[in-house]
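Data first, discussion second: the structure below is written as structure tokens.
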Amino acid sequence: MRLKYLFFCIIFVFSVETVSAWGVTGHRVVAEIAQRHLNSKARKELKKLIGEVPLAFWANWADFIKSDTSWRFAGKWHYVDLPAHMAKDDFIRDLKALPGENLYTQILTLQAQVKDENLPLDKKQTALKFLIHLVGDLHQPLHVGRDEDQGGNKIQVTWFGKPTNLHVIWDETLIDFQQWSYTEYATVLNVADKTQVEQWQNSSLEDWFYESHVVSDKIYDNTAPDSKLRYEYNYMFVQDLNNQLLKGGLRLAKILNEIFG
Ligand SMILES: [Zn+2]
């Protein structure tokens, strides 16, 4: 009897735990794809910075530290909030004008920090860990979402009958539904030809944000509150999900190749 009770407690603790940002698998997929697109110079410099561990090892650190109150100030770094259905020029203007620190300002700042030759090693390592994570978040469409529903966190839905919210669906539920490990996922996605890779890599950071905005509009338009999501939802969105993960990985590689190149 007691054992049974303990078992249910454990199940409960694990089921109420939530993470915000691509779940652990999503961030690792982005980092692993990036790893496979690094040039030799970047690989060498990264070894000096973080040793032999792959980028995926640090991909979720920026979420884990959220439990530490001394890092609370960095919570805002994981997302931007902007209004729905914006034209590209308006979107980019407003993105650049957002007040305070956010996902956009921090990706710029962290790139400069990782590049800064005068920055102490530990600060540079921290900047790199954040950068690996935040380029992932940039590609989770609901991290470029709307303020009024906190990027879908306040939109209740069910997934095969189980209550959850739209943000969690996009952080991890859809990813976990594919049932790949992060390395398998990186392998099955990493098949874009050279032209496509270059096209995705050579657009601007602002373009990348806008692409997430467009996907997030599509998500909002197709997921009313209290939607009962099942197989059809996966079928409707799995290609967008996979493209975002792949683009995230390719662009993280592009950023790191440029920093160290
Ligand atoms: Zn995050």
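Tabulated data
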read-out	value
Mean Cα-pair separation over length for the chain, i.e. relative contact order, pairs under 8 Å, 6 or more apart, %	32
Overall form of segment 126-177 per C-alpha gyration tensor (a/c, 1.5; a/b vs b/c)	oblate
The chain: calculated mean residue ellipticity at 222 nm from DSSP helix runs of at least 4, using -39500 (n - 2.57)	-18500 deg cm²/dmol
Debye intensity ratio in log₁₀ form over the Cα atoms of the chain, taken at each q of 0.07, 0.10 Å⁻¹	-0.24, -0.50
In degrees, nearest ten, helix 40-50 long axis to first principal axis of the chain (Cα)	70
Between helix 88-97 and the chain: long-axis angle, C-alpha atoms, 0 to 90°, nearest 10	80
Residues 129, 48, 247, sorted so that the one with the fewest Cβ neighbours within 10 Å comes first	48, 129, 247
Fewest-first ranking of 22, 180, using other Cβ atoms within 10 Å as the exposure measure	180, 22
Low-density loop positions, GluC sites (Glu not before Pro), segment 25-66 - DSSP coil, at most 13 other Cβ in 10 Å	52
Signed unit charges on C-beta, dipole axis of the chain, positive-most listed residue 107, 75, 127	127
Sparsely packed GluC sites (Glu not before Pro) within segment 84-149, loop by DSSP, other Cβ within 10 Å at most 12	117, 148
Principal-axis tilt of helix 231-260 within the chain, Cα atoms, nearest 10 degrees	20
Sequence-separation-based contact order of segment 98-170, relative, with Cα cut under 8 Å and 6+ spacing, percent	19
Footprinting exposure proxy for 70, 203 (fewest neighbouring C-beta atoms within 10 Å first)	70, 203
Global form of segment 147-219, assessed from the alpha-carbon gyration tensor, a/c cut-off 1.5	oblate
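Read-outs throughout are calculated quantities, based only on the coordinates presented, and are distinct from any laboratory measurement. Since this is a predicted model, take the numbers as computed values, not measurements. For neighbour counting, all protein chains shown are included, and Cβ atoms are generated from backbone atoms with ideal geometry for every residue, glycine included.
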